[in-house]
């Protein structure tokens, strides 16, 4: 019967995700088209259009190529369908390892089994998980892999074997090839698990496993390092810069390098204070039941608690804090379900479960009812496509567009693209034509981005408006004049 429940949860999560993706002609979110241009580039040129970690794009390109052969559709139609199917189905399987992990933690079935089902449901159907459908596809897949990694760690610590260690190494490598921030959080979580295992009553036999662990780490570092260097070394540098800047972050309140947005509000400090109190509660439960709880449960729950506190520290900009908080959702759900398993009072346990379900699942219902929200309407997309008549040589044309729109511009017009915050006038010398595109209406339920501080320098003084429609304004820039002016300055 329990397997029926988990099958229903996985199927329901996949159905909800697929509905959000297919209820719009495009891909939901700000970054939806980013995946389209990466997959199309893989099929056309056997390389990514932009440096990035490749795993999710390889999955999508493999399916797109298969669909193209089976259906005879064009490359764009096949890529769009493949991207939606992969993002709709694969992340839903995160429910499986979470369910079986919580079942392992339910010693002698002392707690109701519905807690395991609730944990699996929350991981794949909570509002944070569904709100990033289409938008943060690498994030969604990486969290599913993190769930599998935690299940493998639990199994290995309970009964060490080469097979479980291989599973840990494989899951870690796949996370590293999917999403750099989730990989950083994974390393943080593993460090917490390792430290916790050193201080429990029955210490884990690390010495006996030492050769296998060292060998697995060496192989993992070599494989991941080689792939990172090949596909996107800059993300590796950024991860190291985050770690190296933590001391300055705490000392002088400096915010994360490269982050956009404003510092976290005072509410973030209050929320973190309550998280700290909750962490003390979890630690007290572990301490009180340290004689009964297995070492793997103590280690994983303690590591998850520490990682939650680290990921939600109110020291980051709002942009970075939001991304880290989305990662912290998975370990947070695990810790909550562990707490519910340890509560013997039925009424208290049920009230806690009901409160958690209302907070995390109720907004998901509204999200699903409204359907997926793309950043462009169908009419806006048609106007964007019509601009192709003004672009005479896409391969030699650069279009500067706001974040999000640049992906749809590259997907629709096939030009090179850049963001106003990233481009320099001197970068434009290699292009026959340079355009700036402005979006006049926004369609997502969000405010348009704040004015870009470099927009005045990005849009040349000598320019020509070649299109001024309902949704977009297209400006042709006189790059030769501005390069001459820049040289004189």
P(r) weight above 17 Å for region 23-152, C-alpha pairs, percent: 61
Ranked list, fewest to most other Cβ atoms within 10 Å of each Cβ, for 390, 190: 390, 190
Sites residue 478 and residue 46 - FRET efficiency at Förster radius 25 Å, r taken between beta-carbons, to 0.05: 0.10
Residue 390-residue 15 FRET efficiency (beta carbon distance; Förster radius 45 Å; 0.05 resolution): 0.60
Per-residue Cβ neighbour rank within 10 angstrom, fewest leading, 77, 103, 47, 60: 47, 77, 103, 60
Rounded Å value of the spacing that divides the Cα centres of region 314-355 and region 88-155: 13
Inter-label distance for residue 198 and residue 464, nm, one decimal - labels placed 7 Å from Cα along Cα-to-Cβ: 6.8
Stretch gain in nm, segment residue 113-residue 440, where the contour uses 0.36 nm per residue and the Cα spacing is subtracted: 112.5 nm
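Values quoted throughout were computed directly from the atomic coordinates according to the rules given, and no laboratory measurement underlies them. These numbers come from a predicted model, not from an experiment. Note that we place each Cβ from the backbone using ideal geometry, even for glycine, and neighbour counts take in every protein chain shown.
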